[in-house]
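This report concerns only the one structure given below.
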């Protein structure tokens, strides 16, 4: 059993929870390799994917995970909905739940939105990304993919590169990797690294070459221009010059490191094609593992249901 | 606590079951054996060992099936953590012998048949159990090979101990408190 009723953030999970999710994901990964990639565990469950922010990968991945568990799925995206007519978050979700939905997967632009919702409704909530706070399933699938590639995470060196300031992936990754005993460095231009981030137990490195030389795995993040309301570096070209990961840089290192990226990729900015498409990159393994990890999370949260959903 | 099968009796029963299987499947050329996780695999392991000895066929196809994701009580009981499913061969067109230690309500076997069908269409499915708790069935399921039949009531529980896991071979009936 997980120690939590919702998956809001990695911060609230303990090491046993993460271990249990990984173990369950191993089983689902095996299911996904069969001809019939489906099990009927959740045939009596309905899941709503409520996306107040754009998403391709995460929404598709959740939807596939739900369908492969046999659940019924409804999708909601904020654009073109009653949200633009002024409906509040709680009202929107309560209306969805009134249609007898058992579980909500939510992405929202406001940090903390899933916690707020968890206080007001009874269904299980899975955070699919809230503002610049957490993206727990991404961190789980990242750590799962790393573990698959380099073994037990204890003592492994992981560098997270790029827009740390605006990245929920970075924060969830830091919590998750710390809990698994890995050592984490964040790297990027000083304007994109939040002050006092060392208090989370990570090292800070402003020199990309040094950061890469130190690590076993580099998780390269996207520059989130949509969240940068004031200029934090001069041009994308300048960013690419100093912090873009390219082949030349990787070849100059003393060992082969593993390259990851949560997507979507800005090719030629934070990562070059000759890196993203190389054999060192496990970007597509991450996507593949994402479905298994999400199946595990949904399955583990779907246990003993509240007899009465307070709507 | 009552002993249903002692070490010696269990050994005899296993040999009988193995011979009964050989009677029907001769050399196991087109038959696969599948043990149900987690508790049926000790029994299936022993049976397969005996079958190899009796038939001389060292390549009997043997798999393990976990039915956790096929249970019909995901929302009414505690969530179960799955064990490994390992079926490294095709069951398409084969005869399959499912093996579990105790047959009680029949729900596990129902789930197992669902799970099995997801791997292909077997020609025939048979069921072997060590202990058949008669008159407790909730589904129309009946074993083809039975080690020992016992009449029990709801408050009783059958426990099968295996040397490799529990340090002794024995089957006992206890009263739950």
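Each value in this text was obtained by applying a stated rule to the coordinates, not by laboratory testing. All values reported here derive from a predicted model rather than from experimental measurement. FYI the Cβ positions are ideal-geometry reconstructions off the backbone, even for glycines, and counts take in every protein chain you see.
Hey, with R₀ at 41 Å, roughly what FRET efficiency would residue B:142 and residue A:3 work out to, going by the Cβ-Cβ distance, to 0.05?
It comes to 0.45.
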In terms of the ratio Rg/(2.2 N^0.38 Å) built on C-alpha atoms, what value belongs to the range A:37-157?
-> 1.16
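Find the Cα radius of gyration of the range A:136-282, compare it with 2.2 N^0.38 Å by division, and give the number to two decimals.
My calculation over the Cα atoms of the range A:136-282 gives 0.95.
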Can you sort A:273, A:61 so the residue with the fewest Cβ neighbours within 10 Å comes first?
-> A:273, A:61
With springs only between Cα atoms under 10 Å apart, run a GNM on chain B and tell me which of B:109, B:99, B:54 wobbles the most.
-> B:54
Relative to chain A, whose Cα atoms define the longest principal axis, helix A:57-68 and its Cα axis are tilted in degrees, nearest 10, by 40
Can you pull the one-decimal nm distance between simple spin-label points at residue A:33 and residue A:265, each 7 Å off the Cα toward Cβ?
-> 2.5
Global form of chain B, assessed from the alpha-carbon gyration tensor, a/c cut-off 1.5 | oblate
On a 0 to 90° scale, report how tilted helix A:283-301 is relative to the longest principal axis of chain A, with both axes built from alpha carbons and the result rounded to the nearest 10.
-> 30
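Quick one, can you get me the convex hull of the C-alpha atoms of the range A:207-304 expressed as volume per residue in Å³?
Here the figure is 133 Å³ per residue.
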Round to the nearest 10 and give me the degree value, 0 to 90, for the angle of helix A:168-179's Cα axis relative to the longest principal axis of chain A.
-> 90
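With viscosity set to 0.692 mPa s at 37 °C, what whole-number translational diffusion coefficient in µm²/s follows for the protein assembly as shown from Stokes-Einstein and a Kirkwood radius over Cα pairs?
Translational D for this selection: 130 µm²/s.
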Which ordering of B:74, B:84 is given by a fewest-first count of other beta-carbon atoms within 10 Å?
-> B:84, B:74
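Can you tell me what share of the DSSP beta bridges in chain B is antiparallel? A percent to the nearest 5 is fine.
Counting DSSP beta bridges with both partners in chain B, the antiparallel share is about 30 percent.
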State, in angstrom, two size descriptors of the range A:128-215 derived from its alpha carbons: Rg to one decimal place and Dmax to the nearest whole number.
-> 12.2, 34
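Exposure proxy check: A:58, B:76 ranked by fewest other beta carbons within 10 Å? Present the calculation step by step, with values, prior to reporting the outcome.
Numbers: A:58 23, B:76 10.
Ordered by Cβ neighbours within 10 Å, fewest first: B:76, A:58.
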Please give the calculated 222 nm ellipticity per residue for chain A, where each DSSP H segment of at least 4 residues contributes -39500 (n - 2.57) and the sum is spread over every residue; nearest 500 deg cm²/dmol?
-> -11000 deg cm²/dmol
Computed Rg/Rh for the range B:1-81 (Cα atoms; Rh = Kirkwood radius) stands at 1.08
DSSP bridge orientation in the protein assembly as shown - percent antiparallel, rounded to nearest 5 | 15
When N counts the residues of the range B:126-177, how does its alpha-carbon radius of gyration compare numerically with 2.2 N^0.38 Å, as a ratio?
-> 1.25
Kindly provide the helix-only [θ] at 222 nm of chain B, computed as the sum of -39,500 (n - 2.57) over DSSP H runs of four or more divided by all residues, to the nearest 500 deg cm²/dmol?
-> -9000 deg cm²/dmol
